[in-house]
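The values are calculated or read from the model by the stated rules, or taken from the named source; none is laboratory data. Please read these numbers as outputs of a predicted model, since none were measured by experiment. Every residue, glycine among them, receives a Cβ derived from its backbone with ideal geometry; neighbour counts consider all protein chains shown.
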């Protein structure tokens, strides 16, 4: 079995850490973080929102993880966590991990390779226990088996080569769960091996974590604990941040328009503008008449004025793109000249909307005979605001919609069971890789394929790009998939958002990731200089 350079990279990281000034970090203190809404649970494997990721990720550990101190997540930034090294076999269908020894779960029981197998048997539906929701089972559809060799070695056996496997395992959405704790318990009293232990979850109030005194990385974490306070109103959250009741805002909570107010009242606050890898997109239930007519769906897609959304909501700083994150942060984003060849992406918005009006007129709709419907969306500002703009734009093609807001704890389950007609949706991607995005959101059998889109041609291309080792060839396949999804009106992407994440200067050691918001919440090296 051929060895990777992982151990050498890890050694360099250890050396770098050892050379830091010993007095730089201060231990102690409670990190106070804002939270925007009430999570449905704290089970990372069952949920699909940063509302869960931000408070739950500090509880857990992965086999590998994107470096928490680097701004861009990539294959080159993957670091060891519960795995101390890894290697592929010559066929590229077996990936073996050597595991850390002596690691304890928060309840004192030992971590072993069996826990890794139990986690993936649970995800793959091979265990007696069952997840209530399993949105990322589809990520690992190429995993044939997970085998153990003693307590400290585990091997992933694949049906066919898949270069992206390590990237998926490095996502914050891929924690290891204990064999001895059932899935139901993990929703309300999660047990991990991470730097912080779960203490309490008060619905609509707070989530409290405490320092794991037996954390396997000695000397970490620096903090005594983390308190997440749930504040539903965004204006109230901004006021409480500038008054220094909190050390950190919720993830990407400070919009570009809001930043002016925050900085005017807290000029020393550190605020970083970055993409979230969260697209605003239109979802349409193809089983619900008259939206089962592809002509209606095409007209809706043509009616979208993407630049208007970007100008209104991000003051021009959002990005047009397909499903994959646009460059420069996104590795797989289409060049502008490729993107503008896709239907509805050209600069002549008036021409697109005129074509949409013609389609609707031919179907019998007009200003005096509108198509009435509801636009469903999650009841938080980042969903509601673009939904209002969408409703206004659809009026131009004789679609008269009213807004239906749905609470967070119900939203993902509602759209997963297709209990909607038209929706303004946000799609966050757990890692910048086509196998994460395309497989999760557009493959026929995915729980997260909210529109029930299923095209054998797209499925074939998704499978083909997954096994392609040449990055440039894979990128060309990705762009071909993007064009097909757009032509099929699978889930029209409106725009990719950018917003700010803010913290006060006394908070040290935190780095915002600039190509994803689901993998940088371990908080083990964060400290307070107070």
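The table below lists the values:
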read-out: Unmet requirement for residue 250, which otherwise passes all of (1) assigned by TED's automatic domain parsing to the domain that holds residue 119; (2) touching a helix residue (DSSP H, G or I) at 6+ places or on another chain (Cβ under 9 Å); (3) under 26 Å from residue 136 (Cα atoms); (4) part of a loop (DSSP other than H, G, I, E, B); value: (1)
read-out: Per-region count, segment 431-467, residues within 16 Å of residue 322 (Cβ to Cβ) and more than 20 Å from the chain's Cα centre (by Cα); value: 5
read-out: Filter result for residue 311 (outside the structural domain of residue 478 (by TED's automatic domain parsing) and either over 23 Å from residue 360 (Cβ atoms) or assigned to a helix (DSSP H, G or I) (or both)); value: no
read-out: Among the candidates 416, 469, 387, 458, residue that is in contact (Cβ under 8 Å) with a residue 12 or more places away in the chain and touching a helix residue (DSSP H, G or I) at 6+ places or on another chain (Cβ under 9 Å); value: 458
read-out: Segment 342-360, residues that are touching a residue at least 12 places away in the same chain (Cβ under 8 Å) and either closer than 30 Å to residue 75 by Cα or not in a loop (DSSP other than H, G, I, E, B) (or both); value: 342, 349, 352, 353, 355, 356, 357, 359, 360
read-out: Unmet requirement for residue 120, which otherwise passes all of (1) in contact (Cβ under 8 Å) with a residue 40 or more places away in the chain; (2) touching a helix residue (DSSP H, G or I) at 6+ places or on another chain (Cβ under 8 Å); (3) buried (at least 21 other Cβ atoms within 10 Å of the Cβ); value: (1)
read-out: Residue within segment 430-450 that is touching a helix residue (DSSP H, G or I) at 6+ places or on another chain (Cβ under 9 Å) and under 30 Å from residue 30 (Cα atoms) present; value: yes
read-out: Matching residues in segment 349-360 - criterion: being over 18 Å from residue 295 (Cβ atoms) and buried (at least 17 other Cβ atoms within 10 Å of the Cβ); value: 349
read-out: Test: residue in segment 45-61 that is assigned by TED's automatic domain parsing to the domain that holds residue 114, assigned to a strand (DSSP E or B), within 30 Å of residue 181 (Cα to Cα) and modelled with pLDDT of 95 or more; value: no
read-out: Conditions (1) in contact with a strand residue (DSSP E or B) (Cβ under 9 Å, 6 or more places away or on another chain); (2) surrounded by 24 or more Cβ atoms within 10 Å (Cβ to Cβ); number of the one not met by residue 419; value: (2)
read-out: Single residue of 320, 372 found to be loosely packed, with under 14 Cβ neighbours inside 10 Å and at pLDDT 95 or above; value: 372
read-out: Answer residue from segment 468-499, given it is over 25 Å from residue 451 (Cβ atoms) and within 19 Å of the chain's Cα centre (by Cα) and is surrounded by the fewest Cβ atoms within 10 Å (Cβ to Cβ) among those; value: 498
read-out: Per-region count, segment 229-241, residues crowded, with 20+ Cβ neighbours inside 10 Å and touching a helix residue (DSSP H, G or I) at 6+ places or on another chain (Cβ under 8 Å); value: 3
read-out: Test: residue 248 is more than 21 Å from the chain's Cα centre (by Cα), surrounded by 22 or more Cβ atoms within 10 Å (Cβ to Cβ) and farther than 23 Å from residue 462 by Cβ; value: no
read-out: Residue identified as in the same structural domain as residue 385 (by TED's automatic domain parsing), crowded, with 21+ Cβ neighbours inside 10 Å and farther than 26 Å from residue 430 by Cα among 302, 325, 363; value: 302
read-out: Residues of segment 253-269 satisfying the condition of being exposed (fewer than 14 other Cβ atoms within 10 Å of the Cβ) and assigned to a loop (DSSP other than H, G, I, E, B); value: 267, 268
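Every residue, every condition in (1) surrounded by fewer than 17 Cβ atoms within 10 Å (Cβ to Cβ); (2) touching a helix residue (DSSP H, G or I) at 6+ places or on another chain (Cβ under 8 Å); (3) touching a residue at least 12 places away in the same chain (Cβ under 8 Å), yes or no:
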residue	(1), (2), (3)
68	no, no, yes
89	yes, no, yes
95	no, yes, yes
102	yes, no, yes
109	yes, no, yes
113	no, no, yes
